[in-house]
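To start, the structure under review is shown below, and the notes come after it.
Bear in mind that the values in this text are calculations on the coordinates, not laboratory data. Since we're looking at a predicted model, the values are computed, not measured. In this analysis, Cβ positions are derived from the backbone assuming ideal geometry, glycine residues included, and neighbour counts consider all displayed protein chains.
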Amino acid sequence: MNLCILCQVTAPDPRKPEHILLNALGGRLTTTKALCATCNNIMGAGPDKDLADSVAPLRNIANFRSGSGKAPPSIPRVEADGIVYDLAPGGKPVLRPSSPLFIEDGHEGVNVKISARDEAHLEQLLRGAAGKLGLPESAHDAFIKDAKQRATRVTGFAPRAEHGIQFGSEGSQRSMMKACLVLWNELVGNEELSHPRYTTSREFVRSGTDIEEDSHTPLTCIHTRKLLELPNGYGANPNYIWVGSDATGKVLGYFRLYNAVGWLFELASDGAPVSRSISLISNPFQPSEHRLLTDDNSLVDFRVFEAIGAADTKSNFDETRQALSELLRQAHSMSWDRTTKELFDEAIDATGLQDGDILDEQRLKDISSAIAYRFSHFLTRTPRTEPLEWPAKNSSNEGNAE
Ligand SMILES: [Zn+2]
């Protein structure tokens, strides 16, 4: 019977597919051959979560969806220059107002000041204010409608905040090494993986280094240089997992994150099936672009990784930095495209243009000035203030006179 490659007690659970490359990293390929339900849960709540959390800020800025298509995580409570905001997916700042609802008795009645992060929030605060002011239920809608007509929308720019990104904690290493074992299992099978030559690797994945005193980490090195052999077609920043053996059956596993930094593990010192290899490459910008390659089709030769392990490398993060700035440059250009489209759509909305309307000279002028207004504020990073609700334009009263 095939046993779970980690605990070796229970059979893998066919109802619990395991992502070979983490879902949070854009992984789509799953397997039901490797882990039992318990190990799957333990990994998911521990090491896999560590790895996913460590890339969350990067995913947020680069707008990397998960393999299953879920939006990237938001980053709550970023603070810069005394302003607190959340970062919505795509690195979009959303203000957290410091005092959203303020009510005081004034000379000429009650003053209500509300600052909301968006329209839904405003409506919610207005409902709260209506209650606090003791307005009868029947008057709430009219109160809200009136307040919204007088509200203004301020579109500004968030101050820049620094994000530290930390990769490769021990938890993350355990997750990456597990990915290597799961991938290797696809090629050589559970019986091979149950051999004692994998005990150290298995124990490291399950417990890290702090369980037994004499256990040591099978991490061979952190690789901060470029990996020149990677193929085109998966973007400039693919995630890449490779596992292979040499002629003596020594097994190495390599996990490269966003083509920026790699971790090399020794999975077994000898005796495994010889000269085999399997790899998985995946484009985080486009998770549908991924490929599983085995043996002769595998992208990189064992000797490349052996050389990485043998080289006396001082960690030099220049090339890692270069790879990450390439990633951010691409993410930035995509975000610029999105912003451009949003400003354009917003300008069209503001002119009240409907499907089927005729674009006469006047309409075109209105649209151009609405676009120019938004772009000049955007490019000069100047906040703009405008009514929340544009006065309704009744198209039947306009433009028909001529
Ligand atoms: Zn298990």
Give the span of segment 3-113's Cα atoms along each principal axis, as three whole-Å numbers ordered largest to smallest.
78, 26, 22
Checked segment 95-236 against the a/c 1.5 cut and the a/b vs b/c comparison, axes a ≥ b ≥ c from its Cα gyration tensor; verdict prolate
Spherically averaged projected area in nm², based on the convex hull that wraps the Cα atoms of segment 62-163
9.2
Calculated from DSSP helices alone, with each H run of at least 4 adding -39500 (n - 2.57) and the total divided by the residues of the chain, [θ]222 nm to the nearest 500 comes to -11000 deg cm²/dmol
Give the span of segment 328-390's Cα atoms along each principal axis, as three whole-Å numbers ordered largest to smallest.
41, 25, 20
Expressed as an acute angle from 0 to 90° and rounded to the nearest 10, what is the orientation of the C-alpha long axis of helix 170-188 relative to the principal long axis of the chain?
60
log₁₀ of I(q)/I(0) at q = 0.16, 0.21, 0.22 Å⁻¹ - segment 1-60, Debye sum with one point per alpha carbon:
-0.51, -0.79, -0.84
Test of understanding: ordering 119, 326, 191 by Cβ neighbours within 10 Å, fewest first, what list do you get?
191, 119, 326
Please list, ordered by chain and number, the residues whose modelled amide H lies under 5 Å from the amide H of residue 267; skip anything fewer than 5 residues away on the same chain.
251, 252, 253
On Cα atoms only, tilt of 140-150 relative to the major axis of the chain in degrees:
90
For residue 70 and residue 118, extending 7 Å from Cα along the Cα-Cβ vector and measuring point to point gives, in nm, a value of 1.9
Put +1 on the Cβ of each Lys and Arg and -1 on the Cβ of each Asp and Glu in the chain; which of 387, 151, 243 then has its Cα farthest toward the positive end of the dipole?
243
Based on the Cα gyration tensor of the chain, what are the three equivalent ellipsoid semi-axes, each the root of five times an eigenvalue, rounded to whole Å and given largest first?
54, 25, 20
Out of 364, 377, 350, whose Cα points farthest toward the positive end of the dipole of segment 328-390 (charges: +1 Lys, Arg; -1 Asp, Glu; placed on Cβ)?
377
Cα to Cα, under 24 Å, and not fewer than 8 places away if on the same chain: which lysines meet these conditions relative to residue 314?
226
Which lysines, if any, have their Cα less than 21 Å from the Cα of residue 113, not counting same-chain residues under 8 positions apart?
132, 145, 148
Quick one: angle between helix 119-132 and the longest Cα principal axis of the chain, in degrees between 0 and 90, rounded to 10, please.
60
Extending each Cα 7 Å along its Cβ direction at residue 32 and residue 79, get the distance between those two points in nm, one decimal.
4.9
Subtract the Cα-Cα distance of residue 133 and residue 102 from 0.36 nm times their separation in residues, and report this length gain in nm to one decimal.
10.0 nm
List, largest first, the extents of the alpha carbons of segment 239-369 along their principal axes, each in whole Å.
79, 32, 17
Exactly which trypsin sites (Lys or Arg not before Pro) in segment 277-353 are in a DSSP loop and have at most 15 other Cβ atoms within 10 Å?
314
